[in-house]
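> My structure is below; once you've seen it, I'll send some questions.
The values are calculated or read from the model by the stated rules, or taken from the named source; none is laboratory data. All of these numbers come straight from a predicted model, not from anything done at the bench. Counting neighbours? That spans all protein chains shown, and the Cβs are built from the backbone with ideal geometry, glycine included.
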Amino acid sequence: MVDVENRDSGITKTEATIAALDGHRLASTHYCGPDPDGPVVIINSGTAIPRRFYRHFAAYLCQRGASHVITYDYRGIGGSWPGEDRSFPYLMSDWARRDFPAVIDRVRENHPNNKLHMVGHSFGGQVMGLSDRIKHVDRAVTIAALSGNWRQMAIPERYRIYVLLFIAAPLMGRIYGYIPGKFGLGEDMGLAAFSEWANWCSRREYFFNDPALPETRHFADLQCPLMVIGLDDDTWARPVLIDHLNNHFINADITRQQFSPKDAGGAIGHFNFFKPKFENNLWKPVVDWLLEA
């Protein structure tokens with residue numbers, strides 16, 4: 001595993017802010033590798049997952065040849081939640097409309113001569129299809145990125161998700177004014193954003209038939225090689241839901257890959273792909289593909 005704090009690794013880490021399209025300040029971490037000519041990689045986080053969760057994978061990408069890797073927190077998550085006011089209003093769709101495109105704009109401004117590659121975990125793969133900026137991406141990977149209809153998740157997990165989305169979380173929202181992360185999310189999440197997410201999860205077509213989200217048309221703007229990764233023991237991102245989402249990237253050259261716990265050497269689920277113990281069995285083949293061009 002790469003130790004980014006070790007100067008001898010040749011990898012440096014810088015904390016920075018990125019202005020979203022509406023001016024909201026997004027917390028970000030910029031990893032710099034020893035090869036200035038390598039691609040820049042943006043990592044899009046899953047729902048309510050802070051950017052630090054991806055720090056080991058980001059350092060590994062730099063070790064393998066990425067010139068820079070950028071992780072960032074969507075508004076309302078981690079370092080991008082302003083102050084102590086947990087009633088701060090925002091929507092998940094703001095992550096796609098205002099946050100994600102601003103990160104691409106920053107990369108293109110600062111690194112105009114480098115190729116742009118992208119990794120999207122869970123919602124981070126969904127967000128890729130909701131902005132026209134995706135046309136600037138040269139190569140991409142989605143990991144456990146799914147169309148989140150709760151009815152098609154694995155049994156009995158689908159029933160736990162139903163209770164969280166439609167019973168427990170609304171109750172917690174009334175009590176706290178936001179959704180505390182300790183009740184099943186990675187980080188605290190705003191009530192309006194969570195309600196928008198629950199609405200999408202209640203739809204058989206997820207957000208693809210939400211009239212308030214016409215940006216789904218931008219799935220067609222991704223016109224590059226795309227590796228779509230599923231994990232056999234993921235009770236959320238089952239193959240039917242992965243394919244329902246990623247098949248909307250109709251102009252991408254898709255390579256489909258499914259990993260089992262046997263392939264990985266341990267349980268993976270929805271989150272464990274990014275644990276350093278999977279560097280050899282999971283990270284290496286994916287990064288080999290991502291950085292090959």
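> Scanning the range 25-60 for residues that are part of a helix (DSSP H, G or I) and under 16 Å from the mean Cα position of the chain (by Cα), which turns out nearest to ALA96 (Cα to Cα)? Even if it seems obvious, please write down each step before you answer.
Taking the range 25-60 and keeping what is part of a helix (DSSP H, G or I), we get 51-60.
Subsequent filtering for residues that are under 16 Å from the mean Cα position of the chain (by Cα) retains 51-58.
Values: ARG51: 16, ARG52: 20, PHE53: 20, TYR54: 19, ARG55: 22, HIS56: 25, PHE57: 23, ALA58: 21 Å.
Taking the candidates together, the pick is ARG51.
Table: residues versus (1) of a type outside the set (Gly, Ala, Ser); (2) in contact with a His (Cβ under 9 Å, 6 or more places away or on another chain); (3) within 30 Å of ILE175 (Cβ to Cβ).
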position: LEU213; (1), (2), (3): yes, no, yes
position: PRO225; (1), (2), (3): yes, no, no
position: ASP232; (1), (2), (3): yes, no, no
position: TRP236; (1), (2), (3): yes, yes, yes
position: PRO239; (1), (2), (3): yes, no, no
position: PRO261; (1), (2), (3): yes, no, no
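Okay, residues lined up against (1) under 21 Å from GLU157 (Cβ atoms); (2) surrounded by 16 or more Cβ atoms within 10 Å (Cβ to Cβ); (3) modelled with pLDDT under 95; (4) not acidic (Asp, Glu):
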{"site": "ASN209", "(1), (2), (3), (4)": "no, no, no, yes"}
{"site": "CYS224", "(1), (2), (3), (4)": "no, yes, no, yes"}
{"site": "ASP243", "(1), (2), (3), (4)": "yes, yes, no, no"}
{"site": "ASN247", "(1), (2), (3), (4)": "no, no, no, yes"}
{"site": "PHE278", "(1), (2), (3), (4)": "no, yes, no, yes"}
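> Read through the list (1) surrounded by 20 or more Cβ atoms within 10 Å (Cβ to Cβ); (2) not in a loop (DSSP other than H, G, I, E, B); (3) not acidic (Asp, Glu), then give the number of the only condition that ALA237 fails.
It is condition (2) that ALA237 fails.
> State yes or no: is LEU191 at pLDDT below 95 and either under 18 Å from GLY125 (Cα atoms) or touching a Ser or Thr at 6+ places or on another chain (Cβ under 9 Å) (or both)? Walk me through how you get there before you give the answer.
Values: at pLDDT below 95: yes; either under 18 Å from GLY125 (Cα atoms) or touching a Ser or Thr at 6+ places or on another chain (Cβ under 9 Å) (or both): yes.
So LEU191 fits the description; yes.
> State yes or no: is ASN114 in a loop (DSSP other than H, G, I, E, B) and over 17 Å from the mean Cα position of the chain (by Cα)? Can you show your working first?
Numbers: in a loop (DSSP other than H, G, I, E, B): yes; over 17 Å from the mean Cα position of the chain (by Cα): yes.
Yes, satisfied.
> Is it the case that some residue within the range 205-227 is under 26 Å from LYS275 (Cβ atoms) and either in a loop (DSSP other than H, G, I, E, B) or β-branched (Val, Ile, Thr) (or both)?
Looking for residues that are under 26 Å from LYS275 (Cβ atoms) and either in a loop (DSSP other than H, G, I, E, B) or β-branched (Val, Ile, Thr) (or both), one finds none in the range 205-227, hence no.
> Regarding the range 145-156, can at least one residue be identified that is out of contact with any strand residue (DSSP E or B) (no Cβ under 9 Å at 6 or more places or on another chain), at pLDDT below 95 and aliphatic (A, V, I, L, M)?
no
> Just one of (1) at positive phi; (2) within 19 Å of the chain's Cα centre (by Cα) trips up GLY265, so point out which.
Unmet for GLY265, out of (1) at positive phi; (2) within 19 Å of the chain's Cα centre (by Cα): (2).
> State all residues of the range 117-139 that are over 10 Å from the mean Cα position of the chain (by Cα) and in a loop (DSSP other than H, G, I, E, B); if no residue qualifies, say none.
SER131, VAL137, ASP138, listed by residue number.
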